[in-house]
Ligand SMILES: CC(C)(COP(=O)(O)OP(=O)(O)OC[C@H]1O[C@@H](n2cnc3c(N)ncnc32)[C@H](O)[C@@H]1OP(=O)(O)O)[C@@H](O)C(=O)NCCC(=O)NCCS
């Protein structure tokens, strides 16, 4: 097994996609997106988590593992996030550990002293691997899913709580709501962010206002709710 830096333009993209096809059920109950969508996301990641770097593990010409490393761009940040996936047929052979080791020099050179992994299922292979490699749980959450075609919509037919009103909008959010919306988001996020050492709320609001402006400019009908 060989580990190398993975180039999102020149790397073995077909092999990368096959790896995700084999392992995606560990990450989601939903089907994996098609090839173009998956590679599009690889090449155009969410900007909130900073630049992304990638390593891949290869065995007999197959991509058997992948590590995605995100380096949040906050000034002085010592935080990094990883997402490791190993092909189910190649697990318990040290692949994930080798990928992690390969990324360490880069982490150090970027001044990152903490590694986080998000969305690990409790009791699942990721949780057990992380525990065995010395990671410590810092935050637990419950993922809920609503199949909107199947649900009884009358369940949603509830009045606003006394003293409150419901506001909805299309496109640009009303200016008088932005500040209080930001305050509520901060109140919700502050405890979580403190534990995981990651802050995005204010930045995301600024970005969303920029997107509104861009939508106005381009007239493309982008909406924000
Ligand atoms: C988690 C995952 C990346 C581990 O990959 P791997 O190549 O099998 O891991 P390693 O071989 O480096 O495992 C190292 C050690 O971790 C522990 N470990 C790994 N998987 C484990 C499992 N399923 N159950 C219990 N312990 C496990 C063991 O101590 C193992 O050493 P051992 O095999 O000598 O006992 C892989 O199972 C996977 O892709 N899971 C789905 C995605 C995921 O949850 N990723 C983690 C998010 S960062």
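Read-outs throughout are calculated quantities, based only on the coordinates presented, and are distinct from any laboratory measurement. As the structure is a prediction and not an experimental result, all values here were calculated from the model. Neighbour counts run over all protein chains shown; Cβ positions are idealised from the backbone, glycine included.
In whole Å, what is the distance between the alpha-carbon centres of segment 1-52 and segment 57-73?
9 Å
Just check segment 1-145 against the gyration tensor rule for me: Cα atoms, a ≥ b ≥ c as the square roots of the eigenvalues, rounded for a/c under 1.5, and otherwise prolate or oblate depending on whether a/b exceeds b/c. Please report the intermediate quantities before stating the final value.
Numbers: a/c = 1.24, a/b = 1.13, b/c = 1.09.
Cα axes put segment 1-145 in the rounded bin.
Express the relative contact order of segment 17-103 as a whole percentage, based on alpha carbon pairs under 8 Å and six or more residues apart in sequence. It would help to have the intermediate numbers written out before the result.
Details: 110 pairs, mean separation 23.2, N = 87.
Contact order relative to length: 27 percent.
Between Rg and the Kirkwood Rh of segment 114-192, both from Cα atoms, what is the Rg to Rh ratio?
Numbers: Rg = 19.2 Å, Rh = 17.3 Å.
Result: Rg/Rh = 1.11.
Percent relative contact order of segment 42-83, based on C-alpha pairs within less than 8 angstrom and at least six residues apart?
Details: 55 pairs, mean separation 14.0, N = 42.
It rounds to 33 percent for segment 42-83.
Could you check the spin-label model distance between residue 171 and residue 29? Points 7 Å from the Cα along Cα→Cβ, value in nm.
3.8 nm
Does segment 22-108 come out rounded, prolate or oblate by the C-alpha gyration tensor, with a ≥ b ≥ c the root eigenvalues, rounded set by a/c under 1.5 and, if not, prolate when a/b is larger than b/c and oblate if not? Each step should come with its number before you reach the end.
On the way: a/c = 2.10, a/b = 1.23, b/c = 1.71.
Oblate.
Relative to the present Cα-Cα distance, how much length would full extension add between residue 106 and residue 4 at 0.36 nm per residue of separation? Mind showing how you got there, number by number?
Details: separation 102, 0.36 × 102 = 36.72 nm, distance 1.27 nm.
My answer for the length gained is 35.5 nm.
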